[in-house]
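The values are calculated or read from the model by the stated rules, or taken from the named source; none is laboratory data. All of these numbers come straight from a predicted model, not from anything done at the bench. Because the Cβ atoms are built from the backbone with ideal geometry, glycine has one as well, and the counts that use them run over all protein chains shown. Please note that ligands, DNA and RNA were not included when accessible areas were found on the heavy atoms of the full protein model with its side chains. Shrake-Rupley method; radii C 1.70, N 1.55, O 1.52, S 1.80 Å.
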Amino acid sequence: MSFDDAYGALTDHDDDTRWAYGTGFADPLAGVPAAIPPGVDRAALAEYCLMLGDDALIMSHRLQQWVTLAPELEDEVAIANIALDLLGQARLLLTRAAEASADVAPAPAAASSAAAPAPVAASSAAGDAPVAASSAAGDASTGARGEDALAFGRGPAEFRNVQLVERADADFAHLVARLLAFATWRLAVLDRLRDTADPILAAVATKAVKELTYHREYAAHWVVRLGDGTDESHSRMQSAIDALWPLLAELDHEPSPLAPTTWRPEFNAILSQVLTAATVAEPAAAPAESSAAAPAESSAAAPAESSAADASLSTEAPDAVSAVDDAAEMSLPGATLPPTHRGGGGGGARAANFEISPLAESGRDGVHTPALAEILDEMQGLARSVPGGVW
Amino acid sequence: MNHEWPLFEVFVRAKRGLNHVHVGSLRAADHTMALHHARDLYTRRNEGVSIWVVRSDDVVSSGPDDKEPFFAPSGDKAYRHPTYYAIPDSVPHI
Amino acid sequence: MLDFEDTIARDQRIEPRDPMPEAYRKTMIRQIAQHAHSEIIGMQPEGEWITRAPTLRRKAILLAKVQDEAGHGLYLYSAAETLGADRGDLTTRLIEGRQKYSSIFNYPTLTFADVGVIGWLVDGAAICNQVPLCRSSYGPYGRAMIRICKEESFHQRQGYELLMTMMRGTDVQREMVQDAVNRWWWPSLMMFGPPDGDSPNTAQSMAWKIKRHTNDELRQRFVDMSVPQAVSLGVTLPDPALRWNEERGHHDFGTPDWDELKRVISGDGPMNAARITRRRQAHEDGAWVRAAAAAHARKKAS
């Protein structure tokens, strides 16, 4: 290294292999045709990319808020990794949403004040993720401006994320409980989207499946550690699961025609296994107030989902499920978490007995908790406060 | 105050064809966590195709006092090195 | 200790289990720990802007950068632990105020331009300090620094690029950049430590090859590098005494306010209390989590 030249030394990478440093990055969309195939409903594609993108963006935001507050420095790094993965997914999906349909983007005035394309975007790719490099190199009108117009130019009612990702984490148990549910659900959904008709959405799903498999594993291990660890951690873990449970019903309300419908049995089986290993009890049913509020409507509104859940209870447990159980007893619950099943034939004899009561009002329809408005105030405040600003 | 999680040493294989190389250490409650942490900490830039972790307590090493008896005896075995043997420059491929 | 002196004289590295003077061990632990603390505390000023970054690209860059800082803190704690230090103990010393970290992180980040200026000036100054440390006589520290310097190669560039972009933006943005430069220039010069005449440890550290250049040498190098960068950016460095000295072949520059540096080091900077409070809160709030993982591991091992 040329130690007398501070800058020369930094670009002197001859001994990369010695340091196990940087072996290059792959563009997740390399070689993927960007054109939307004939027969794909552009509006539906845009809307579904928006939903999946918003889920990732808001979940990432909640994880970003843990930066400098994680319980240990190693987990600081891990949580940031997960937040970065989800942010990357959000960027690709929002970009695709804007490409698929101009209708999902906010009015031009809001978009331009929020985020005009940076003039140096293409030349500055050296320090950036490959995702940005590829989008910057492409059509500038649908690259950075598409994702930023959507992220920074919309109000709460225009966001389509599920309410699951909105509330703040009360403690680390809440973080891992929600992350377990979110990653398990999203992994099951995106796994089924790997062969969807739109090649970009399929490529994003393929990339995301690898990331989410790790997120689920990270969360599953922590749920087990906290559930099994000390009296205090067990009680906190149980509280976090209790608080999480009512939010899961919303996941069955999926208005997009592109959304897979067969993810539930896999989701229930995984959660059930992790909670069993964690010695945490599954809350028996949806909370009293919501089931008391509209019991008749909920059963009437979702016959398909209910029967799917019932069916999963009588299905044989697949091998992968028992593998998780065995692994849990050997203190390695997630190390062998199964690859997700295609086709959703899974489920398990011990699958969670979820009370299905889809919310009358869902984030998918633009109905949100007050927490989303707080998130957007924080996320969008700067971008909106400098009209014409370039960043 | 004692740290509650033990220390692990981390070895990363940067790519196929290379040895695992010691890259540092970290704290973890158990081996699985140590592997997770090693993946997050030491392979953030896409480096590495394989990771080993081992409890630092379990590493047995030669001590500095062993230096002479351990390493000096091999110093005089020049015949182990190819340059010990004089071959005329006119002989090719050797 | 003959071996130790001989190894240093031959410019070879000291490795963890080699015999070494107790004073060398203590100095190394203190230096590495302070460096590690600086990385961890240094996450906070920029970390505050991750959730507020004005584009998703900037958000990703900043998140990756702040995450790198956590990683660099860990590499350094790892190096300190090879000398027999315990990370938990070092953390306790940090949050009880018994060990220091770089005083630069006791200044607030008031606008998003601060993110750019921290990358350009603060990371630039850190690079000047750190690159020579790659040759530190203590092997694990030198190796950690090589890895850190390599990974940080994008940190300064992203900051400068952000400032270039903002300077092409609106008047409001250009004012933000100049204001941030005004606030961070002098603290950046202070990052190199007190002047050589007031730096009692420098001679011993140079002899042990822990340090390779004096504070004033590094400060001069930093000024010489920064001036043309400021010109190219179109900002003014807030020092009326700054001018090229043909005779010396270096820039002359004014004297930093050393009393301010002393105040900030002794705990009286604008953000000292807030930085330590946040670090302590994370550590204390995480105690039950760390205890739970340890308890779970014990149950599974038995």
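A few remarks follow.
- Residue check for C:Ser102: away from chain B (no Cβ under 14 Å), in contact with a strand residue (DSSP E or B) (Cβ under 8 Å, 6 or more places away or on another chain), touching a residue at least 24 places away in the same chain (Cβ under 8 Å) and within 24 Å of C:Thr202 (Cα to Cα): no
- Total residues in the range C:51-98, condition within 14 Å of chain B (Cβ to nearest Cβ) and over 19 Å from B:Arg45 (Cβ atoms): 20
- Yes/no for C:Ile148 being in contact (Cβ under 8 Å) with a residue 24 or more places away in the chain, crowded, with 17+ Cβ neighbours inside 10 Å, assigned to a loop (DSSP other than H, G, I, E, B) and of a type in the set (Val, Ile, Thr): no
- Residue in the range C:110-124 that is in contact with a Gly (Cβ under 9 Å, 6 or more places away or on another chain), open to solvent by 10 Å² or more (accessible area, probe 1.4 Å) and among the aromatic types (Phe, Trp, Tyr) present: no
- Selection status of C:Arg263, open to solvent by 30 Å² or more (accessible area, probe 1.4 Å) and at the interface with chain A (Cβ under 7 Å from one of its Cβ atoms): no
- Counted residues, the range C:112-151 - those being over 25 Å from C:Asp11 (Cβ atoms) and of a type outside the set (Val, Ile, Thr): 11
- A:Pro260 being closer than 28 Å to A:Thr95 by Cα, touching a residue at least 12 places away in the same chain (Cβ under 8 Å) and open to solvent by 10 Å² or more (accessible area, probe 1.4 Å): yes
- Those residues of the range C:203-234 which are away from chain A (no Cβ under 14 Å), buried (at least 19 other Cβ atoms within 10 Å of the Cβ) and in a helix (DSSP H, G or I), in sequence order: C:Ser205, C:Asn215
- Within the range A:49-63, the residues that satisfy the criterion of being within 12 Å of another protein chain (Cβ to nearest Cβ) and open to solvent by less than 10 Å² (accessible area, probe 1.4 Å) are A:Gly53, A:Ala56, A:Leu57, A:Ile58, A:Ser60, A:His61, A:Leu63.
- Wholly within the range C:1-65, helices (runs of 4 or more DSSP H) carrying at least 2 residues that are among the polar types (S, T, N, Q): C:22-41
- Test result for A:Ala80, closer than 20 Å to B:Ala34 by Cα and part of a loop (DSSP other than H, G, I, E, B): no
- Counting the residues of the range A:78-92 that are facing chain C (nearest Cβ under 8 Å), of a type in the set (A, V, I, L, M, F, W, C) and crowded, with 24+ Cβ neighbours inside 10 Å gives 4.
- Those residues of the range A:153-179 which are farther than 14 Å from A:Gln238 by Cα, within 18 Å of the chain's Cα centre (by Cα) and outside any loop (DSSP other than H, G, I, E, B), in sequence order: A:Gln163, A:Leu164, A:Val165, A:Leu179
- Some residue of the range C:272-286 being of a type outside the set (Phe, Trp, Tyr) and away from chain A (no Cβ under 13 Å): yes
- Per this entry, C:Thr202 is not counted among residues that are of a type in the set (Val, Ile, Thr) and free of Cβ contacts under 8 Å to residues at least 12 places away in the same chain.
- Residue that is least open to solvent (accessible area, probe 1.4 Å) [pool: residues in the range C:77-109 that are under 30 Å from C:Pro19 (Cα atoms) and among the aromatic types (Phe, Trp, Tyr)]: C:Tyr77
- Residue in the range A:44-64 that is over 27 Å from C:Thr51 (Cα atoms) and at pLDDT 95 or above present: yes
- Taken over the range C:24-46, the residue count meeting the criterion of being among the hydrophobic types (A, V, I, L, M, F, W, C) and free of Cβ contacts under 8 Å to residues at least 24 places away in the same chain is 0.
- Being assigned to a helix (DSSP H, G or I), farther than 30 Å from A:Asp171 by Cα and in contact with a helix residue (DSSP H, G or I) (Cβ under 8 Å, 6 or more places away or on another chain) is not true of C:Arg280.
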